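The values are calculated or read from the model by the stated rules, or taken from the named source; none is laboratory data. For clarity, every value in this text was computed on a predicted model and none was experimentally measured. Note that we place each Cβ from the backbone using ideal geometry, even for glycine, and neighbour counts take in every protein chain shown.
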Amino acid sequence: MKMNVIMLILAVFATTNVLSQQPNTTGWVINKHKYSDTTTVKVNSTYFLLGTLNDYAGRSWGLKENLFDRYYPYEKPLMGFVDSLVKKDFKINLVEKDGCYFSNELYKKMSSFYKGNMIVDTLLFNNSQNKLSFLLGAYYRYGSKIGDGIYKIQMANSPKHNECYAILKQLNCKNIYFKRLDNIPTIYILYFEATGPIMKYFDAIEPQKDKLFESFVESFRKSISAADFKELYKENQKDEHRMIISLFKSHK
């Protein structure tokens, strides 16, 4: 029974100080845990939010008027983080209804990056900060850390994996592996060895990712205890992680 639950869960899961005058740019401070070091990264909030967007089956699928984004029930921590970011950097109060955020201004801003269901690349990636900010948003919602410097971004029925792959190449990631699972829904997985700058950005969001994972665990408490879920989840991931780490080591 527990194994059926864990397989269902895995199928579902498949997801500051202003330091410059550039619009919607936030400085996040990273406090390293292993050694004494403080690093500041600059995140463009517009491209970060674009990276977090739920574009399952494309941006226009089920798009309601003025809909900025829609969320799963366990994504409350993500919603809270997005809400605080939007209030601070855009001076906008999002309207929440039925697990969705509505804003006419942000709806128009995000939609301007799309042509149909696809992102218009030329509007996006004109500098490294924008690329890193977009990748950070995608990693926050859809990514996970596999090992030292090795990460995964997994999306379901999302055209955004194309942009993530292109950015990883442009940011000089030497080892990138793409996997497509033709299930229902179609799953796109990127495994990659991150560069130093990418890891600094990812470090900035790890505390928020921990909160998101804890909420994910809590959402299934009725069917399985949190402790049991964590053990089953970690055990399920071990084989995949060992395989991917071995693959990257063999190409060094």
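The table that follows gives values for the structure above.
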quantity	calculated
Test set (1) buried (at least 19 other Cβ atoms within 10 Å of the Cβ); (2) more than 16 Å from PHE202 (Cα to Cα); (3) modelled with pLDDT under 90 - ASN54 fails condition number	(3)
In the range 100-120, residue modelled with the lowest pLDDT [restricted to those that are exposed (fewer than 13 other Cβ atoms within 10 Å of the Cβ) and charged (D, E, K, R)]	LYS115
Tally, over the range 176-194, of residues that are surrounded by fewer than 16 Cβ atoms within 10 Å (Cβ to Cβ) and farther than 18 Å from LEU53 by Cα	9
Enumerated strands (runs of 3 or more DSSP E) restricted to the range 69-169, each holding at least 2 residues that are small (Gly, Ala, Ser)	143-147
Positions within the range 180-223 being assigned to a strand (DSSP E or B) and of a type in the set (A, V, I, L, M, F, W, C), in sequence order	LEU181, ILE187, ILE189, LEU190, PHE192
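Quick grid of which residues meet (1) of a type outside the set (Asp, Glu); (2) at pLDDT below 95; (3) touching a Leu at 6+ places or on another chain (Cβ under 9 Å); (4) within 18 Å of LYS200 (Cα to Cα):
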site: ARG141; (1), (2), (3), (4): yes, no, yes, yes
site: ASN157; (1), (2), (3), (4): yes, yes, no, no
site: HIS161; (1), (2), (3), (4): yes, yes, yes, no
site: LYS174; (1), (2), (3), (4): yes, yes, no, yes
